[in-house]
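Below: the structure, in structure tokens.
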Amino acid sequence: MFFTIRKLEARINELEEYRYINRKPINGIVAKQDGMEIPFTIGSYWQGRDAYLTLTTDFDVPNYGVDSQVVLLFDLGTTGSGFNSGFESMLKINGNLYQGVDSNHKEVFLDKEMYGTQIKLELVLWSGLEGGGQPREMRHFFNYADYAVLSPDTDDLYYTSKNMLEAVKVIDENSEEYNVILSALDAAFMLIEYTTNEVEFYASIKKANDKLQALLNAMHKKTDVTITAVGHTHIDVAWLWRLRHTREKVARSFSTVLSLMRHYPEYIFQQAQPQLYDYIKQDHPELYGQIKKKIDEGVWEVDGAMWVEADCNIPSGESLIRQILYGAKFIKDEFGKDVHYLWLPDVFGYSWALPQILKKCGISAFATTKISWNQYNRMPHDTFIWRGIDGSEILAHFITTPYPGRKGSWGANYNDEMLAETIKGAYTNYRDKQINSDILVPYGYGDGGGGVTRDMLENRRRLHKIPGMPNIKTGNVRDYFKRLIKRVENAENYVHTWDGELYLEYHRGTYTSQAFVKKANRRLEESLREVEILNIAGFLFNRKPYPTEDIRKAYEILLRNQFHDIIPGSSITEVYEDAREEYAEAFAIIQKLEKQAIDNIIIKNNNSYSIFNSANFTRKNEIVFVKTDEVGCFADKDGRNMVAEKVDGGYLVEIPEIKPLNFISFAFIKTVSFAETKSAFNVFENGIETPFYKIKWNDGGQIISLYDKENRREVVKSGGFVNYLSLYEDKPLRFDAWDIDIFHYQKKKTLNANSIYIEKADSLSAEIVFEYNFGTSKIIQKMVCYAENRRIDFVTYVNWNERNQLLKSCFDVNIRETQAIYDIQCGNVARNTHWNTSWDYAKFETVAHRWVDFSQRDYGVALLNNCKYGHSVLNQTMTISLLKGAVYPDISADIGEHEFTYSILPHAGDFVGANVPQAAHSLNQPLKVLSGQINNCSLFKSICGDESVVIDAIKQAESGEGIIIRLRENTGSNKAISLQPAFNFITWQETDLLERVIGESNHEKIIEINLTPYEIKTLLIK
Ligand SMILES: [Zn+2]
């Protein structure tokens, strides 16, 4: 009846302004844009896209005594809703970085030693970008640039009353606390005298504040719930801004942290991502020094493990390992700290490989919020044991802070604003209250940085005291996890275990968007593996120095671009312009290193060629291209003729066999003419017979029959097709580049070929060309069948101009099974092929790396690819997503030319018996042809055991001493393998993934290893 809450709300809002006494404009500000002076008038505006404006003035700081606080107040642009794609600025004082100023940080507290002196103020304003979509200029108004002195009583009353009132709004109306708090507020505000006499007014404020504080202190607060509040700012290394903007964002955000820490000693800040610290180290050494000091003092936490907060769908297992290896190394070398947990609040799904990788990096806990964004199902627990593919277990914890104003939604926020509503909500939403009452809340504006504000720090102090609210302590994530792990270990109640991947039921378009980065990432991962092996060979056999620095540089490019908005394809146009340049730089390094390594071991000779097999399995009957203008034939080292076919610019030559991690050389013998060969294929109308298959297609180019002669069975499902290219309408509800929604299935068109012709059919291979024209796009696809290889390749060129269309290739196969197997990091995962439950249909599009296999007990079909990730198997149809056409945030995403290959491999047995992973490896890393002869450069005399054991890396140890070999089991079996290196060594022993020795030192010359299902082992050989 007295509108108490609304009345108080109005009074408290008024107080905000009364906190600033003697407020006056800062005079004499000079504004310069691109070196040109522009007028600086309050009320006027400035504009630009990605533009900078500098404001400078000399300012005489008033001196009201050491107990006072002089404040600068700025409103010079609009930052945007927490994302910080818009305006931000950096305030420098006397040439030193002082604090970031943006819409969320309008206040600057001046240090007391400046009182009574003249200081040089310089504000570097950035206009920001439009936040994706059509580029446009940003307009920012000069609303004020003032100074004032803070009234401490008003400030205290403002924050105390504001937080008490906000608490009232979320506390049960019938509770004792509700009425006690509301009565106290009302009683205090009755004491304020709204008089024109300023002295009397502020005297009454003091009275009101004293009363409120006394009443609050007298209140009885009892709760066992604690919030561990960790200051944080989520900084996307690139997203709606480019890498170079991020460098500036980090400087602004970190300066703000330091500035606030001078006034709030309890403030503890956490930031992961060594990449960001490395930027500061390069750009602002002084700031870096100050950060180091705070890290030493224990109020600035650097941890979180990875080099950047990387996407965990696309990067390979070895990439995920290097993210942590290089991240942890930087943190150790620069700050002397170990890493304790993986911090990935905003990443779109978490590989089943992670628990093992983390455990073997000495990391015992993992934190995220993102799984709470699931479209269909809420995960059953927030604190649980996550069991990895190999059985390794770590602690997983989901942050549960709700978004303000979104009651009832389970979506959690990693950019909390520290409000009564969100703090209380973090506990309410948490589902494991029986085992834990200490809730982790990272707070601070983020995505584009910004971070914690003075409001948040003041709110925390107040909310901590208010009855009905949890206790809120500042803390760091490392100690939080230490406590949580102990609590879980000692829990008497059930602690849930999740045995499987943490699939995000959202953002399924990120497996496909921006095809270019996916391809560049895959190629760079493969090239880095190969170049490390080649350089180890160069080092071992010719004692040439291992190019540590260059490899590290190329790896940093790979890791940086695996950031969770770059590689998923969810960034603006300019980010991909930068990515192209970065990848080009990395490939240039690789090329240089490859040449260096090969020059070290090859004997140049015009009449011989060598082949390098970087795979750890024997390869048979693979075809290589030898470039030469001469006419002739090829002979192996025993003088036997090799099968070859003359093609444009050289020859296709079949390599009958090459051992793992080995080189072979063969001779080229000039002749007068090239000998006739006999075709291995029979061509008939709309069809071809190969040594393995009889293939028929219809006039539209869809394959209607693929008969496996060897296994005497039809591969195509009755009435179905294989390799039919289809366009799906792809207009997701939100997040265009990120998402494919389930309803895309409802609207699709199958493409029909305009032209089909046989390009060649000789002794090695046959090529049938299918051409498709549709919209303003074009596809030229070559189906390549081999005489000695069961794989059928679809070598595809696309000129892609479609928007909001998803291009897939579909395969209706004659297989009956309820699960398909998908290649993931460090192993493979089975996913259901039906939509029985919401958990099944949520996975209507999932990620796979180099292959997907769909097999019943006796027979199966594998789909391989050399740069694609989006896949599905539903009922009897396998699909591979090829191209997407998103219009936000990059309006021109994926427009242009694309080249990729995917393959079908029908086979007897399952993926293990059919060597599907090996076939996918061969597709991805064709044998390398070198010009010249290589002698005795095998890395191993023998690799015995199972060739399905994968060697992911052979590299120099990070310490510079010894060679690292990383192996892993890839089929879900126990395996024994023995390696006999062809180089001299004294000892070998096992290490963890951070290359710290864990096993005993061994001296045997044959290295015998036992592996359990999906186990990763790292060996250090010296
Ligand atoms: Zn993010």
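The values are calculated or read from the model by the stated rules, or taken from the named source; none is laboratory data. Computed from a predicted model, the values in this text were never measured in an experiment. Glycine also receives a Cβ, built like all others from the backbone with ideal geometry; neighbour counts cover every protein chain displayed. SASA here: full protein model, heavy atoms, side chains in, ligands and nucleic acids out. Shrake-Rupley method; radii C 1.70, N 1.55, O 1.52, S 1.80 Å.
Hey, among the residues in the range 111-128 that are within 14 Å of residue 53 (Cα to Cα) and of a type outside the set (Val, Ile, Thr), which one's most open to solvent (accessible area, probe 1.4 Å)?
Applying the first criterion (within 14 Å of residue 53 (Cα to Cα)) to the range 111-128 yields 121-128.
Subset that is of a type outside the set (Val, Ile, Thr): 121-123, 125-128.
Numbers: 121: 10, 122: 56, 123: 10, 125: 0, 126: 1, 127: 0, 128: 0 Å².
In this case the residue turns out to be 122.
For a quick check of your reading of the model, give me the residue pairs whose first member lies in the range 329-354 and is in contact (Cβ under 8 Å) with a residue 60 or more places away in the chain, whose second is within 15 Å of the ligand (Cβ to nearest atom) and open to solvent by 40 Å² or more (accessible area, probe 1.4 Å), with beta-carbon atoms closer than 9 Å and at least 6 apart or on different chains.
Correct list of pairs: 348/373.
Do we have residue 278 as under 27 Å from residue 338 (Cβ atoms), away from the ligand (no atom under 16 Å from the Cβ) and modelled with pLDDT of 95 or more here? Before you say what the answer is, go through the steps one by one.
Numbers: under 27 Å from residue 338 (Cβ atoms): yes; away from the ligand (no atom under 16 Å from the Cβ): yes; modelled with pLDDT of 95 or more: yes.
Yes: the conditions hold for residue 278.
Quick check on my filter: what residues within the range 431-447 are part of a loop (DSSP other than H, G, I, E, B) and within 16 Å of the ligand (Cβ to nearest atom)? Break it down into steps so the answer makes sense when it comes.
Let us first name the residues in the range 431-447 that are part of a loop (DSSP other than H, G, I, E, B), namely 431-437, 444, 446.
Once the filter is applied, which keeps residues that are part of a loop (DSSP other than H, G, I, E, B) and within 16 Å of the ligand (Cβ to nearest atom), the range 431-447 yields 444, 446.
Criterion first (crowded, with 19+ Cβ neighbours inside 10 Å, within 30 Å of residue 240 (Cα to Cα), under 28 Å from the mean Cα position of the chain (by Cα) and in contact (Cβ under 8 Å) with a residue 40 or more places away in the chain) does residue 444 satisfy it? Show your work before the answer.
Details: crowded, with 19+ Cβ neighbours inside 10 Å: yes; within 30 Å of residue 240 (Cα to Cα): yes; under 28 Å from the mean Cα position of the chain (by Cα): yes; in contact (Cβ under 8 Å) with a residue 40 or more places away in the chain: yes.
When the stated conditions are applied, residue 444 passes them.
Give me the residue from the range 308-335 that is more than 16 Å from the ligand (Cβ to nearest atom) and hydrophobic (A, V, I, L, M, F, W, C) and, out of that set, nearest to the chain's Cα centre (by Cα).
Of the residues in the range 308-335, the ones more than 16 Å from the ligand (Cβ to nearest atom) are 316-322, 324-335.
Now restrict to residues that are hydrophobic (A, V, I, L, M, F, W, C): 320-321, 324-325, 328, 330-331, 335.
Details: 320: 10, 321: 13, 324: 13, 325: 16, 328: 17, 330: 19, 331: 19, 335: 24 Å.
So the residue we want is 320.
Give the residues of the range 784-801 that are assigned to a loop (DSSP other than H, G, I, E, B) and open to solvent by less than 30 Å² (accessible area, probe 1.4 Å), sorted by residue number. Let's see the steps before the verdict.
Step one: list which residues in the range 784-801 are assigned to a loop (DSSP other than H, G, I, E, B), which gives 787-791, 801.
Once the filter is applied, which keeps residues that are assigned to a loop (DSSP other than H, G, I, E, B) and open to solvent by less than 30 Å² (accessible area, probe 1.4 Å), the range 784-801 yields 787, 791.
Residue 338 is checked against (1) away from the ligand (no atom under 16 Å from the Cβ); (2) surrounded by 18 or more Cβ atoms within 10 Å (Cβ to Cβ); (3) closer than 20 Å to residue 480 by Cα and fails just one. What number does that condition carry?
Result: residue 338 passes all but (2).
Please determine whether any residue of the range 15-28 is open to solvent by 80 Å² or more (accessible area, probe 1.4 Å), assigned to a helix (DSSP H, G or I) and closer than 19 Å to residue 169 by Cβ.
Taking the range 15-28 as the starting set, the residues that turn out to be open to solvent by 80 Å² or more (accessible area, probe 1.4 Å) are 16-18, 24, 27.
Applying the additional criterion that residues be assigned to a helix (DSSP H, G or I) yields 16-18.
If we keep only those that are closer than 19 Å to residue 169 by Cβ too, we end up with 16.
Yes, the range 15-28 contains at least one residue that is open to solvent by 80 Å² or more (accessible area, probe 1.4 Å), assigned to a helix (DSSP H, G or I) and closer than 19 Å to residue 169 by Cβ.
Out of 257, 250, which single residue is within 16 Å of the ligand (Cβ to nearest atom) and either part of a helix (DSSP H, G or I) or in contact with a Leu (Cβ under 8 Å, 6 or more places away or on another chain) (or both)? Reasoning before the result, please.
Numbers: 257 fails: within 16 Å of the ligand (Cβ to nearest atom).
When all the criteria are applied, what remains is 250.
In the list 566, 557, 590, which residue meets the criterion of being of a type outside the set (Gly, Ala, Ser), away from the ligand (no atom under 16 Å from the Cβ), more than 30 Å from residue 630 (Cα to Cα) and at pLDDT 95 or above? Full working, then the answer.
Values: 566 fails: away from the ligand (no atom under 16 Å from the Cβ); 590 fails: more than 30 Å from residue 630 (Cα to Cα).
Selected residue: 557, the only one of 566, 557, 590 that is of a type outside the set (Gly, Ala, Ser), away from the ligand (no atom under 16 Å from the Cβ), more than 30 Å from residue 630 (Cα to Cα) and at pLDDT 95 or above.
In the range 43-65, what count of residues is obtained for those that are of a type in the set (Val, Ile, Thr) and more than 16 Å from residue 89 (Cβ to Cβ)? Walk me through how you get there before you give the answer.
Taking the range 43-65 as the starting set, the residues that turn out to be of a type in the set (Val, Ile, Thr) are 54, 56-57, 61.
Subset that is more than 16 Å from residue 89 (Cβ to Cβ): 61.
Going through the range 43-65 one residue at a time, the tally reaches 1.
Within the range 896-928, work out how many residues are part of a strand (DSSP E or B) and at pLDDT 95 or above. Spell out how you get there, then give the answer.
If we filter the range 896-928 for residues that are part of a strand (DSSP E or B), which is where we start, we get 896-908, 928.
Those left that are additionally at pLDDT 95 or above: 896-908.
Residues that pass the stated criteria total 13.
Of the conditions (1) assigned to a strand (DSSP E or B); (2) modelled with pLDDT under 95; (3) open to solvent by less than 20 Å² (accessible area, probe 1.4 Å); (4) not acidic (Asp, Glu), residue 944 clears all except one; give me its number.
The failed condition is (3).
Could you list, in sequence order, all residues of the range 313-330 that are surrounded by fewer than 23 Cβ atoms within 10 Å (Cβ to Cβ), farther than 27 Å from residue 868 by Cα and either out of contact with any helix residue (DSSP H, G or I) (no Cβ under 6 Å at 6 or more places or on another chain) or at pLDDT below 95 (or both)?
Matches in the range 313-330: 329 only.
Given the options 489, 505, 501, 421, name the one that is away from the ligand (no atom under 16 Å from the Cβ), among the acidic types (Asp, Glu) and open to solvent by less than 10 Å² (accessible area, probe 1.4 Å).
On the way: 489 fails: open to solvent by less than 10 Å² (accessible area, probe 1.4 Å); 501 fails: open to solvent by less than 10 Å² (accessible area, probe 1.4 Å); 421 fails: open to solvent by less than 10 Å² (accessible area, probe 1.4 Å).
Only one candidate passes the filter, namely 505.
Any residue at all in the range 1008-1016 that is assigned to a loop (DSSP other than H, G, I, E, B), touching a residue at least 60 places away in the same chain (Cβ under 8 Å), of a type outside the set (Ser, Thr, Tyr) and over 28 Å from residue 593 (Cβ atoms)? Lay out the reasoning, then the answer.
Going through the range 1008-1016, the residues assigned to a loop (DSSP other than H, G, I, E, B) turn out to be 1012-1015.
Retained after the next criterion (residues that are touching a residue at least 60 places away in the same chain (Cβ under 8 Å)): 1012-1015.
Now drop any that are not of a type outside the set (Ser, Thr, Tyr), which leaves 1013, 1015.
Imposing the further condition that a residue be over 28 Å from residue 593 (Cβ atoms) reduces the set to 1013, 1015.
Looking for residues that are assigned to a loop (DSSP other than H, G, I, E, B), touching a residue at least 60 places away in the same chain (Cβ under 8 Å), of a type outside the set (Ser, Thr, Tyr) and over 28 Å from residue 593 (Cβ atoms), one finds at least one in the range 1008-1016, hence yes.
Filtering the range 193-239 down to residues that are in contact with a helix residue (DSSP H, G or I) (Cβ under 9 Å, 6 or more places away or on another chain), part of a loop (DSSP other than H, G, I, E, B) and within 16 Å of the ligand (Cβ to nearest atom), which residue is nearest to residue 442 (Cα to Cα)?
Step by step, filter the range 193-239, then rank; the result is 233.
For a quick check of your reading: which strands (runs of 3 or more DSSP E) sit entirely within the range 584-635 and have at least 1 residues that are under 36 Å from the mean Cα position of the chain (by Cα) and surrounded by 20 or more Cβ atoms within 10 Å (Cβ to Cβ)? Working first, answer last.
Working: elements: 608-613, 619-627, 632-635.
Correct list: 608-613, 619-627.
Among the numbered criteria (1) farther than 23 Å from residue 846 by Cβ; (2) touching a strand residue (DSSP E or B) at 6+ places or on another chain (Cβ under 9 Å); (3) crowded, with 20+ Cβ neighbours inside 10 Å, which single criterion is violated by residue 895?
(3)
With 299, 347 as the choices, which residue is closer than 25 Å to residue 504 by Cβ and either within 16 Å of the ligand (Cβ to nearest atom) or open to solvent by 10 Å² or more (accessible area, probe 1.4 Å) (or both)? Show your work before the answer.
Details: 299 fails: closer than 25 Å to residue 504 by Cβ.
Exactly one of 299, 347 is closer than 25 Å to residue 504 by Cβ and either within 16 Å of the ligand (Cβ to nearest atom) or open to solvent by 10 Å² or more (accessible area, probe 1.4 Å) (or both), namely 347.
Does residue 476 meet the test of being surrounded by fewer than 17 Cβ atoms within 10 Å (Cβ to Cβ), in contact (Cβ under 8 Å) with a residue 40 or more places away in the chain, farther than 30 Å from residue 739 by Cβ and not acidic (Asp, Glu)?
On the way: surrounded by fewer than 17 Cβ atoms within 10 Å (Cβ to Cβ): no; in contact (Cβ under 8 Å) with a residue 40 or more places away in the chain: yes; farther than 30 Å from residue 739 by Cβ: yes; not acidic (Asp, Glu): yes.
Considered against the rule, which asks whether it is surrounded by fewer than 17 Cβ atoms within 10 Å (Cβ to Cβ), in contact (Cβ under 8 Å) with a residue 40 or more places away in the chain, farther than 30 Å from residue 739 by Cβ and not acidic (Asp, Glu), residue 476 comes out as no.
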